[in-house]
Amino acid sequence: MSGISTSQKSGNELLAPRPANRVEVSFEFFPPTSDALAEKHWQALNRLAPLGPKFVSVTYGAGGSTRERTHAMVTRIRQETDLEPAAHLTCVGAEIGEIDEVAENYWQSGIRHLVVLRGDPPEGSTKFSPHPGGFNGSVELITHLKKQHDFEISVGCYPEIHPDAKSSLADIDYLKRKMDAGATRAITQFFFDPEVYLRFVDRARTHGITIPIVPGILPVSSYSKIRKFAGQCGTQVPAWLTHLFENLDEDPATRNLVAAMVASEQCRQLQRAGVADFHFYTLNRADLVYSVCHTLGLRPDQNFAAV
Ligand code: FAD
C-alpha cells in the first residue's frame, strides 16, 4: 500500500502543471520549397501562433539557397500577423554587398531580429570556405551587421562542440566573441541529454558568457532523419532513444506519441532545472511541438486572431 502511494506521489509531482507564465517559447520554420507547400506551412504557423511565441524564425537554406523564399516568409509574418519574425542569415557563398542588400531589405521591411550564422556549406561540399569577397565567419558578420543597423542578433551554439572547433574551450571562446560582437541570445544545436545542456551552460557562465542560452529542442518526427542530422552536427543519439524508436518506421501514430513523450520529458527535466525559455525546431510540423508546449503549461491565447 505505502509503496503504491509513494510512486503515485512522485507521478503526481511529475505531471503536475508548471506555472505557465514562466515559460517562453520560440519556433523555427524553414521556408517552403514550393507554392503548394507554402499554405501547408502557413497552417502550421497558424496552429502554433496562439501559444504566443516570443519570436518565430525562418531558416536560410544552405549556401543562401532560399534567400528569396526566406525573405518572402519573414515579411509575410511581419505583414500578416502580430508575431515577431526573425530571419536567419548566413555568409556562405555570398559577397559582402549581397549580404548588405539582404540585411537592408530586412531593415526596410521592419525586420529587426536576425539569427546570424556562418552557415552550412552548399550541397556537395562538407567544409566551410569563405567567399573571396565575403566574411570569414559569424563574428565578422555580426560585427558588420551591427554597424549597418541596430538589429537584435541571436546566434547558434554547440553543447556537444561544433565539429570544426579545435576544442570545447575554443568553441566557448568563439561564442564569447559572438556575444562581444553584439549577439544577445544563443540558441543551442539540438541535443537529447539535458545534462549535456546544463553542463554547457555552466561552462559558458564560467567563461563570462552572460547572454541567455536557449535550448534548441528537436522533436523526433523521423528517427532516421534525426540520426542523419545528428551525425552531421555532432549530436549524440543515446542508446535509449534508438531503443524507443525501434520498429516504428512504419508506425507513425505510435512514433508521434513516443516523440511527444520524449521531447516533453526532455523539456520538463530542463524546466525542473530552472530553464524557462525553449526554442523549437518545428520542421514545419505543428502537432508535436504544440503537444510539448501544452505539457509545459502553455495554453492558446483565446483572443489571438487567426491569420
Ligand atoms: P560559428 O560558430 O561561426 O563557427 C562554428 C564553430 O567553428 C565555432 O563554434 C568555432 O568552434 C569554430 N570557429 C569558426 N571560426 C573560428 C575562428 N575564427 N576561430 C576559432 N574557432 C572558429 N545553417 C544554415 O545554413 N541556415 C540556417 O538557417 C541555420 N540555422 C541554424 C540555427 C541554429 C539555432 C543553429 C544552432 C544552427 C543553424 N544552422 C543553419 C547551422 C549552422 O550554420 C552550422 O552549424 C554551421 O556549421 C555553423 O554556424 P555558426 O554560425 O554557429 O558557426
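Observations on the model:
- Condition check for ASP150: more than 14 Å from the ligand (Cβ to nearest atom), of a type in the set (Asp, Glu), more than 30 Å from VAL196 (Cα to Cα) and touching a Phe, Trp or Tyr at 6+ places or on another chain (Cβ under 9 Å): no
- Enumeration of residues in segment 72-128 that are among the small types (Gly, Ala, Ser) and part of a loop (DSSP other than H, G, I, E, B): GLY93, ALA94, SER109, GLY110, GLY119, GLY124, SER125
- For ASP35, the conditions (1) more than 30 Å from PHE135 (Cα to Cα); (2) in contact with a Phe, Trp or Tyr (Cβ under 9 Å, 6 or more places away or on another chain); (3) open to solvent by 30 Å² or more (accessible area, probe 1.4 Å) are fulfilled apart from (2).
- Residue, modelled with the lowest pLDDT, within segment 17-45, restricted to residues that are within 18 Å of the chain's Cα centre (by Cα) and more than 19 Å from TYR290 (Cβ to Cβ): PRO32
Listed here are the residues, each with its yes/no results for (1) modelled with pLDDT of 95 or more; (2) more than 19 Å from the chain's Cα centre (by Cα).
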site: ARG47; (1), (2): yes, no
site: GLY61; (1), (2): no, no
site: GLY64; (1), (2): no, no
site: LEU83; (1), (2): yes, no
site: ALA94; (1), (2): no, yes
site: ASP100; (1), (2): yes, yes
site: GLU104; (1), (2): yes, yes
site: VAL116; (1), (2): yes, no
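- Test result for LEU145, in contact with a Phe, Trp or Tyr (Cβ under 9 Å, 6 or more places away or on another chain) and away from the ligand (no atom under 11 Å from the Cβ): yes
- Screening segment 132-142 for residues that are in a loop (DSSP other than H, G, I, E, B) and within 10 Å of the ligand (Cβ to nearest atom) and picking the one that is surrounded by the fewest Cβ atoms within 10 Å (Cβ to Cβ) gives ASN136.
- Meets criteria (more than 20 Å from LYS176 (Cα to Cα), within 13 Å of the ligand (Cβ to nearest atom) and in contact (Cβ under 8 Å) with a residue 24 or more places away in the chain) for GLY110: no
- Tally of residues being touching a Leu at 6+ places or on another chain (Cβ under 9 Å) and of a type in the set (D, E, K, R) across segment 101-130: 1
- Filter result for ILE161 (more than 9 Å from the ligand (Cβ to nearest atom) and either modelled with pLDDT of 95 or more or not in a loop (DSSP other than H, G, I, E, B) (or both)): no
- Segment 191-307 holds helices (runs of 4 or more DSSP H) entirely within its bounds, and those carrying 3 or more residues that are more than 16 Å from the ligand (Cβ to nearest atom) and surrounded by 18 or more Cβ atoms within 10 Å (Cβ to Cβ) map to 252-272, 286-295.
- Close pairs (6 angstrom Cβ cut-off, 6 or more residues apart or separate chains): closer than 11 Å to ARG47 by Cα and modelled with pLDDT of 95 or more in segment 286-307, hydroxyl-bearing (Ser, Thr, Tyr) and part of a loop (DSSP other than H, G, I, E, B) anywhere: VAL289/THR282
- Residue in segment 119-131 that is modelled with pLDDT of 95 or more, of a type in the set (A, V, I, L, M, F, W, C) and surrounded by 15 or more Cβ atoms within 10 Å (Cβ to Cβ) present: no
- Close pairs from segment 162-190: first of a type in the set (Phe, Trp, Tyr), partner near the ligand (Cβ under 7 Å from one of its atoms) and in a helix (DSSP H, G or I), Cβ under 9 Å, at least 6 apart: TYR174/SER138; TYR174/VAL139; PHE190/CYS233
- Complete set of residues in segment 147-162 that are open to solvent by 10 Å² or more (accessible area, probe 1.4 Å), farther than 15 Å from ARG203 by Cβ and in contact with a helix residue (DSSP H, G or I) (Cβ under 7 Å, 6 or more places away or on another chain): GLN148, HIS149
- For segment 57-86, residues that are open to solvent by 10 Å² or more (accessible area, probe 1.4 Å) and among the β-branched types (Val, Ile, Thr) total 4.
The values are calculated or read from the model by the stated rules, or taken from the named source; none is laboratory data. Note that the structure is a prediction, hence the values are computed from the model and not measured. All Cβ positions, even for glycine, are placed from backbone atoms using ideal geometry, and neighbour counts span all protein chains on display. Heads up: the accessible areas ignore ligands, DNA and RNA and are worked out on the full protein's heavy atoms, side chains in. Shrake-Rupley method; radii C 1.70, N 1.55, O 1.52, S 1.80 Å.
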